[in-house]
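Data block below; observations after.
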Amino acid sequence: MLDIDLYIAGTPTPATSGEAFESINPGTGQALARVGQASAADVDRAVAAAREAYPAWSATPATERARILMRAAALLRERNEELARWEVLDTGKPIGEAAEVDVLSAAECYEFFAGIAPSIRGDHYDLGSSFAYTRREPLGVCAGIGAWNYPIQIASWKSAPALASGNTMVFKPAELTPVTASMLAGIFTEAGLPDGVFNVVQGDHRVGQMLTAHPDIAKVSLTGEVGTGKKVMAAAATTLKYVTLELGGKSPLIVFDDADFDQAVTAALMANFYTQGEVCSNGTRVFVPRTMHDAFVAELKSRAEKLVVGDPLDPATHVGALISEDHLQKVLTYIQMGVDAGAQLLTGGRRVDRPGFFVEPAIFHGCTDDMAIVQEEIFGPVMTVLPFETEDEVVERANDTHYGLAAGVFTRDLQRAHRVAARLEAGNVWINTYNLTPSNIPFGGYKQSGIGRENSTAAIDHYTQLKTVYVEMDGLDNPY
Ligand code: TXE
């Protein structure tokens with residue numbers, strides 16, 4: 001069993017709360033790690049370490065900050081296989097995904113922000129004889145609070161822009177997936193990151209609440225459910241912290257009649273069953289033209305039933321284990337709600353009879369838009385297929401949600417693709433593809449799917465503040 005400590009001021013540090021919890025391997029249902037729950041004193045120590053490291057780190061030349069982030073990225077790439085395996089044991093996702101996406105996207109994120117760190121700058125304003133300029137300055141100590149579906153990627157999407165901008169960070173991974181955040185901290189130390197610049201505290205929502213309330217933390221970046229986002233934003237108001245929220249979604253994937261049929265089916269499967277459906281931006285409402293509906297669901301059924309649900313460590317596995325027994329029960333409850341509401345369960349939806357938390361990929365059709373399985377985020381491998389007649393109708397129905405994270409549009413019609421993309425109320429729209437999130441483009445939600453953006457230069461705006469300096473060159477006029 002792995003023992004997981006906190007990571008404070010550049011070294012593994014045992015929690016002092018006296019409380020510990022086990023992290024379970026979703027693929028087997030067996031305990032994977034023992035984790036110490038951080039106490040308030042531990043959180044104070046981590047914030048103090050970050051505060052102490054801040055003056056020197058923020059004054060470190062951006063090219064040096066960049067060099068350290070690049071070294072960390074290189075170490076992540078070198079250890080991709082080992083770290084991906086830990087991510088699989090911690091999350092239950094297939095090794096085929098983790099070895100391709102999770103660690104490498106984290107490395108790419110550090111490389112991207114290392115590249116832009118030296119170009120973080122202000123502007124010059126010519127005021128005639130006088131002038132002004134702005135300084136884009138770091139915020140101070142930032143807190144990152146992660147979700148459990150992409151642990152190391154989420155840690156990188158928060159720490160890369162934070163550290164590149166000269167901030168220091170205290171990061172809390174989700175209690176269900178504590179493993180790789182502490183390993184990332186060790187890699188940062190090995191890469192030459194000064195002690196205290198990146199710290200990790202472990203624990204459940206109570207530790208998240210301590211961070212959100214801490215007076216020495218300038219900003220909180222959360223990845224989590226909408227409900228959690230609202231709690232974090234409310235709590236952050238007490239000390240008027242900056243807040244970035246990357247929350248849930250119930251995104252539409254719209255297939256038009258001129259779409260590449262095979263690509264659209266592939267997208268629907270990917271947008272619902274990749275990472276067992278535990279992806280915030282998934283296209284879980286698949287809209288297809290009524291004329292195409294029967295052929296589409298027949299092809300979906302045939303291909304969904306070929307997906308391999310099994311051992312996450314087996315490279316042949318397409319669909320791994322859900323994160324926990326509780327989450328599996330939540331997903332099964334939604335599936336039953338769909339059946340009870342009269343939707344047609346085309347395929348899947350049953351628990352797989354083996355250790356661990358596995359469910360067969362489920363596809364519903366014959367749904368109505370008001371059903372819970374169409375309205376609410378399930379965060380599991382549950383797809384709903386919805387027929388439509390016209391473009392106006394499908395755009396209206398796609399937007400009829402308090403979420404606004406993402407959307408997909410499949411069509412060969414250039415004008416229609418961009419016309420519909422402009423009308424969709426979503427922070428991320430994919431045309432003829434889905435769920436691609438390279439570090440150099442922004443990611444974030446509209447409406448209740450979030451506030452702010454991660455990745456791209458947009459993220460720098462959320463980890464810096466602007467100071468305007470006015471320089472009087474002519475002497476001060478006396479108005480009295
Ligand atoms: O979220 P939770 P989970 C969303 C996804 C789904 C959720 C799943 O859509 O809704 O994340 O992750 C801490 N004060 N995204 O179940 O329960 C908690 O300890 C402070 C969106 O983990 O909200 C955990 O570390 N912290 C995303 C974290 O918040 C609190 C992509 C999230 O927990 C807290 C991936 C509180 N009151 C998943 N309560 C995107 N949009 O990019 C809990 N926490």
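Specify the residue that is nearest to the ligand (Cβ to nearest atom); the eligible residues are those in the stretch 168-185 that are of a type outside the set (A, V, I, L, M) and in contact with an Asp or Glu (Cβ under 6 Å, 6 or more places away or on another chain). Talk me through it step by step, then tell me what you get.
Residues of the stretch 168-185 that are of a type outside the set (A, V, I, L, M), as a first pass: 168, 171-173, 175, 177-178, 180, 182.
Narrowing the set further to residues that are in contact with an Asp or Glu (Cβ under 6 Å, 6 or more places away or on another chain) leaves 175, 177, 180.
Numbers: E175: 5, T177: 8, T180: 14 Å.
Top of the filtered list is E175.
Residues of the stretch 199-236 that are under 20 Å from S182 (Cβ atoms) and acidic (D, E): D204 alone.
Within the stretch 87-106, the set of residues being surrounded by fewer than 24 Cβ atoms within 10 Å (Cβ to Cβ) and outside any helix (DSSP H, G or I) comprises A99, E100, V101.
When the stretch 150-183 is filtered for residues that are hydrophobic (A, V, I, L, M, F, W, C) and part of a strand (DSSP E or B), the ones remaining, listed by number, are M169, V170, F171. Which of the residues that make up the stretch 173-203 are within 24 Å of E97 (Cβ to Cβ) and of a type in the set (D, E, K, R)? Once the filter is applied, which keeps residues that are within 24 Å of E97 (Cβ to Cβ) and of a type in the set (D, E, K, R), the stretch 173-203 yields only E175. All conditions but one from (1) within 14 Å of the ligand (Cβ to nearest atom); (2) over 17 Å from E246 (Cβ atoms) apply to T468; the one that does not is (1).
Whenever a residue of the stretch 30-47 is closer than 11 Å to G18 by Cα, its partners that are part of a helix (DSSP H, G or I), lying with C-beta atoms within less than 6 angstrom and at least six residues away or across chains, give the pairs A38/V207. Give S159, S165 a once-over and let me know the one that is away from the ligand (no atom under 13 Å from the Cβ), hydroxyl-bearing (S, T, Y), surrounded by 20 or more Cβ atoms within 10 Å (Cβ to Cβ) and without any contact (Cβ under 8 Å) to a residue 60 or more places away in the chain. Only one candidate passes the filter, namely S159. Number of residues in the stretch 330-386 that are touching a residue at least 60 places away in the same chain (Cβ under 8 Å) and not hydrophobic (A, V, I, L, M, F, W, C): the value is 10.
Any idea which of A372, A341, A321 is farther than 23 Å from N432 by Cα, modelled with pLDDT of 95 or more, among the small types (G, A, S) and more than 27 Å from the chain's Cα centre (by Cα)? Walk me through how you get there before you give the answer.
Working: A372 fails: more than 27 Å from the chain's Cα centre (by Cα); A321 fails: more than 27 Å from the chain's Cα centre (by Cα).
Within the list A372, A341, A321, the selection yields A341.
Restricting the first member to the stretch 205-224 and to residues that are more than 20 Å from S156 (Cβ to Cβ) and modelled with pLDDT of 95 or more, and the second to residues that are hydroxyl-bearing (S, T, Y) and within 8 Å of the ligand (Cβ to nearest atom), the beta-carbon pairs closer than 9 Å and six or more apart or on different chains are H205/T228.
Listed here are the residues, each with its yes/no results for (1) in contact with a Leu (Cβ under 9 Å, 6 or more places away or on another chain); (2) over 16 Å from P151 (Cα atoms).
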{"site": "A9", "(1), (2)": "no, yes"}
{"site": "E22", "(1), (2)": "yes, yes"}
{"site": "R51", "(1), (2)": "no, yes"}
{"site": "E64", "(1), (2)": "no, yes"}
{"site": "A99", "(1), (2)": "no, no"}
{"site": "D102", "(1), (2)": "yes, no"}
{"site": "E111", "(1), (2)": "yes, yes"}
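Residues that are over 21 Å from L211 (Cα atoms) and aromatic (F, W, Y) within the stretch 113-149 comprise F113, Y125, F131, Y133, listed in sequence order.
Here N478 meets each of (1) in contact with a strand residue (DSSP E or B) (Cβ under 8 Å, 6 or more places away or on another chain); (2) of a type outside the set (K, R); (3) more than 25 Å from A218 (Cβ to Cβ) with one exception, condition (1). Applying the criterion of at least 2 residues that are more than 16 Å from the ligand (Cβ to nearest atom) and surrounded by fewer than 24 Cβ atoms within 10 Å (Cβ to Cβ) to the helices (runs of 4 or more DSSP H) found wholly in the stretch 186-297 leaves 261-273.
On the stretch given as the stretch 335-366, residues that are in contact with a helix residue (DSSP H, G or I) (Cβ under 6 Å, 6 or more places away or on another chain), surrounded by fewer than 21 Cβ atoms within 10 Å (Cβ to Cβ) and not in a strand (DSSP E or B) total 1. Filtering the stretch 433-447 to residues that are within 11 Å of the ligand (Cβ to nearest atom) and either farther than 18 Å from L104 by Cα or among the aromatic types (F, W, Y) (or both) leaves F443, G444, G445.
What are the residues in the stretch 376-385 that are surrounded by 21 or more Cβ atoms within 10 Å (Cβ to Cβ) and assigned to a loop (DSSP other than H, G, I, E, B), if any?
Restricting attention to the stretch 376-385, the residues satisfying the condition of being surrounded by 21 or more Cβ atoms within 10 Å (Cβ to Cβ) are 378-385.
Answer for the stretch 376-385, where residues must be surrounded by 21 or more Cβ atoms within 10 Å (Cβ to Cβ) and assigned to a loop (DSSP other than H, G, I, E, B): I378, F379, G380, P381.
Residue count for the stretch 298-334 satisfying the condition of being touching a helix residue (DSSP H, G or I) at 6+ places or on another chain (Cβ under 7 Å), in a loop (DSSP other than H, G, I, E, B) and over 19 Å from T91 (Cβ atoms): 0.
The values are calculated or read from the model by the stated rules, or taken from the named source; none is laboratory data. Small disclaimer: the values here were computed from a predicted structure and weren't measured. Glycine gets a Cβ as well: all are built from the backbone with ideal geometry, and neighbour counts include every protein chain shown.
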